[in-house]
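Undergrad: The structure follows.
The values are calculated or read from the model by the stated rules, or taken from the named source; none is laboratory data. Quantities reported herein were computed from a predicted structural model and do not represent experimental measurements. Here the Cβ positions follow ideal geometry from the backbone for every residue, glycine too, while neighbour counts run over all protein chains shown. Note: areas computed on protein heavy atoms with side chains; ligands, DNA, RNA excluded. Shrake-Rupley method; radii C 1.70, N 1.55, O 1.52, S 1.80 Å.
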Amino acid sequence: MGRGVRPFVGWGLAALGGLALFLGWYGVSGQSLTAKQLPYLVSGGLTGIGLVVIAAVFLASDDLRRQLGRLDDLERKVDDLYTLLVIDAPTTTTDSPAAATKVAGLVALPTGSSYHRPTCALVVGKANAATVDARAIKSRSLRPCRVCEPSPPGKSG
């Protein structure tokens with residue numbers, strides 16, 4: 001069944017269920033004997049309740065499908081963002097000693113809370129990324145980047 005049709009079917013079934021409940025009540029209200037009220041209760045009441053339950057299933061399943069569609073869209077966007085962040089940025093080749101020092105060590109941004117590999121997508125191309133040593137990492141309480149996962153200073157890797 002089409003996505004746009006489910007809510008209309010659900011609300012239509014809810015209206016029919018309400019009508020069946022109303023007709024059952026109306027039939028019961030016109031009878032004074034309990035034995036004559038039972039057919040109205042069974043036909044109108046149970047049919048009405050059944051239609052309302054089916055309507056609730058239609059409406060809830062449509063809402064669930066919409067929420068899952070939004071969740072799929074969000075997961076796709078997060079995957080795209082993750083892909084953008086972890087793709088290795090092309091390294092520029094320069095003959096300056098500063099560039100050689102940057103590639104050999106760890107870098108951090110002045111206001112950052114983590115240290116990175118020089119090739120990390122989060123710091124590549126940022127002029128204010130400066131090299132840091134073990135003492136600077138400890139004094140600034142820097143954590144390893146979760147994207148590039150650099151080795152702690154002093155350890156090879």
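Undergrad: Could you list all residues from the range 3-48 that are closer than 30 Å to GLY69 by Cα and open to solvent by 40 Å² or more (accessible area, probe 1.4 Å)? Let's see the steps before the verdict.
TA: So the first thing to find is which residues in the range 3-48 are closer than 30 Å to GLY69 by Cα, and the list is 3-17.
If the condition is that a residue be closer than 30 Å to GLY69 by Cα and open to solvent by 40 Å² or more (accessible area, probe 1.4 Å), then ARG3, GLY4, VAL5, PHE8, VAL9, TRP11, ALA15, LEU16 are the ones that fit.
Undergrad: Next question, about the same structure. Considering (1) at pLDDT below 90; (2) under 28 Å from the mean Cα position of the chain (by Cα), say which one HIS116 fails and leave the rest.
TA: So the condition that HIS116 fails would be (1).
Undergrad: Just to be sure I understand the filter: pairs with C-beta atoms under 8 Å, separated by 6 or more residues or on different chains, first member in the range 10-23 and among the basic types (Lys, Arg), second member open to solvent by less than 70 Å² (accessible area, probe 1.4 Å). Which pairs pass?
TA: none
Undergrad: Moving to a separate point now. Given the condition at pLDDT 85 or above, more than 30 Å from GLY4 (Cβ to Cβ) and either under 33 Å from the mean Cα position of the chain (by Cα) or surrounded by 13 or more Cβ atoms within 10 Å (Cβ to Cβ) (or both), answer yes or no: does some residue in the range 84-96 qualify?
TA: Scanning the range 84-96, I find no residue that is at pLDDT 85 or above, more than 30 Å from GLY4 (Cβ to Cβ) and either under 33 Å from the mean Cα position of the chain (by Cα) or surrounded by 13 or more Cβ atoms within 10 Å (Cβ to Cβ) (or both), so the answer is no.
Undergrad: For SER43, are the conditions met, namely being assigned to a helix (DSSP H, G or I), of a type in the set (S, T, N, Q), modelled with pLDDT under 90 and under 30 Å from GLN31 (Cα atoms)?
TA: yes
Undergrad: Which condition breaks for SER32 when tested against (1) polar (S, T, N, Q); (2) farther than 30 Å from THR119 by Cβ; (3) assigned to a helix (DSSP H, G or I)?
TA: Among (1) polar (S, T, N, Q); (2) farther than 30 Å from THR119 by Cβ; (3) assigned to a helix (DSSP H, G or I), the lone unmet condition for SER32 is (3).
Undergrad: Can you name the residue in the range 97-113 that is at pLDDT 85 or above, in a loop (DSSP other than H, G, I, E, B) and among the small types (Gly, Ala, Ser) and is also surrounded by the most Cβ atoms within 10 Å (Cβ to Cβ) among such residues?
TA: Out of the qualifying residues, it is GLY112.
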